[in-house]
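The values are calculated or read from the model by the stated rules, or taken from the named source; none is laboratory data. Here the structure is a predicted model, which is why all the values come from computation and not from measurement. Neighbour counts are summed over all protein chains in view; Cβ atoms, including those assigned to glycine, are modelled from backbone coordinates with ideal geometry. Side chains included, ligands, DNA and RNA excluded: accessible areas come from the protein's heavy atoms. Shrake-Rupley method; radii C 1.70, N 1.55, O 1.52, S 1.80 Å.
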Amino acid sequence: MRHHLWLAVLVVATIAFTLVFACAAPFAAFAAAAALTLSRRDALLATVALCLVNQATGYLIVGYPWTPNSVAWGPAIGIAAVLGTLTAQWTVGRLAEAGGLVRALAALILAFAVYEVAIFLVSVALLGGVEMFTPPIVGQVFVTNVAALVGLYGLNRLGASLGLRRRAEAPVSV
């Protein structure tokens, strides 16, 4: 039940962030949180599920346009998020001896970089939208991811203090 409760928190957070930030959901923060708290398999499954929740919320509630370009962004974001999660998992595994804060920050920074580069490459090569990659915009998206990870960390710690979650086993190094 504790595991399912944490997954539910991630889903609710995804819906909330999608409602507030629409096309700038903090997938790097979700990647870092998943890498730090879930097994490799569960983190990847959660990432895919969170991307699907993000897209469903976007199309059904926020009102994303049903254009081919808009719909094509869904899989692109999903692939970028999975790459970010794999990067976060690799980072957490490599820094297994480091403190929790170091692992979390490194996982977030590297997941963010990989996610943003992947999205940028899709923008340049296929779908357009490179104007969204100015330093102020990318900086704001990074700040949003930092705030999201801090919030998720706080929720996770609160759950631990209430006995609602147990520590995840150390992720497998890749």
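Give me the Kirkwood hydrodynamic radius of the range 8-50 in Å, from all C-alpha pairs, to one decimal place? Write down the numbers at each step before the final one.
Details: mean 1/r = 0.0963 Å⁻¹.
Result for the range 8-50 stands at 10.4 Å.
With runs of 4+ DSSP H residues as the only contributors, calculate the mean residue ellipticity of the chain at 222 nm using -39,500 (n - 2.57) per run, divided by the residue total and rounded to the nearest 500.
Numbers: 6 runs with 126 residues, N = 174.
Value at 222 nm, helices only: -25000 deg cm²/dmol.
What is the angle, in °, between the Cα long axis of helix 27-37 and the longest principal axis of the Cα atoms in the chain? Nearest 10 is fine, range 0 to 90.
20 degrees
Determine the distance separating the Cα centre of the range 1-66 from the Cα centre of the range 131-148; give it in Å without decimals.
Each part reduced to its Cα centre gives a spacing of 18 Å.
Quick one: which of 23-32, 126-135 comes out on top by average Cβ neighbours within 10 Å, and what's the full order, highest first? Walk me through the numbers before you get to the answer.
Details: 23-32: 27.8, 126-135: 11.7.
Ranking, from highest mean packing down: 23-32, 126-135.
How large a share of the accessible area of the range 6-69, in percent, is made up of carbon and sulfur atoms when the probe is 1.4 Å and the other protein chains stay in place?
The computed percentage sits at 77.
Which whole-number value in Å² is the accessible area per residue of the chain, probe 1.4 Å?
Values: 9200 Å² over 174 residues.
Accessible surface, normalised per residue, equals 53 Å².
Radius of gyration and Dmax for the range 34-133's Cα atoms, expressed in Å?
Reported Rg and Dmax, both Å: 14.9, 47.
Using only Cα atoms, find the angle between the long axis of helix 135-161 and the longest principal axis of the chain, and express it within 0 to 90 degrees, rounded to the nearest 10.
So the inclination is approximately 30 degrees.
Among 2-10, 44-52, how do they line up from the highest to the lowest mean number of other beta-carbon atoms within 10 Å?
Details: 2-10: 15.6, 44-52: 19.2.
The packing order, highest mean first, is 44-52, 2-10.
For the range 39-55, in order, what is each residue's ³J(HN,Hα) by Karplus, 6.51 cos²θ - 1.76 cosθ + 1.60 with θ = phi - 60°, in whole Hz (x at glycine and Pro)?
Per-residue couplings from phi come out as 5, 3, 4, 5, 5, 5, 5, 4, 4, 4, 4, 5, 5, 5, 4, 4, 5 Hz.
Among (i) 9.7; (ii) 10.8; (iii) 20.8, which is the computed mean projected area of the Cα convex hull in nm²?
The calculated read-out lines up with (i).
Going by average Cβ density within 10 Å per residue, which order do the peptides 95-104, 81-90 take, highest to lowest? Walk me through the numbers on the way to the answer.
Working: 95-104: 13.5, 81-90: 24.8.
Highest-to-lowest ranking by the protection proxy: 81-90, 95-104.
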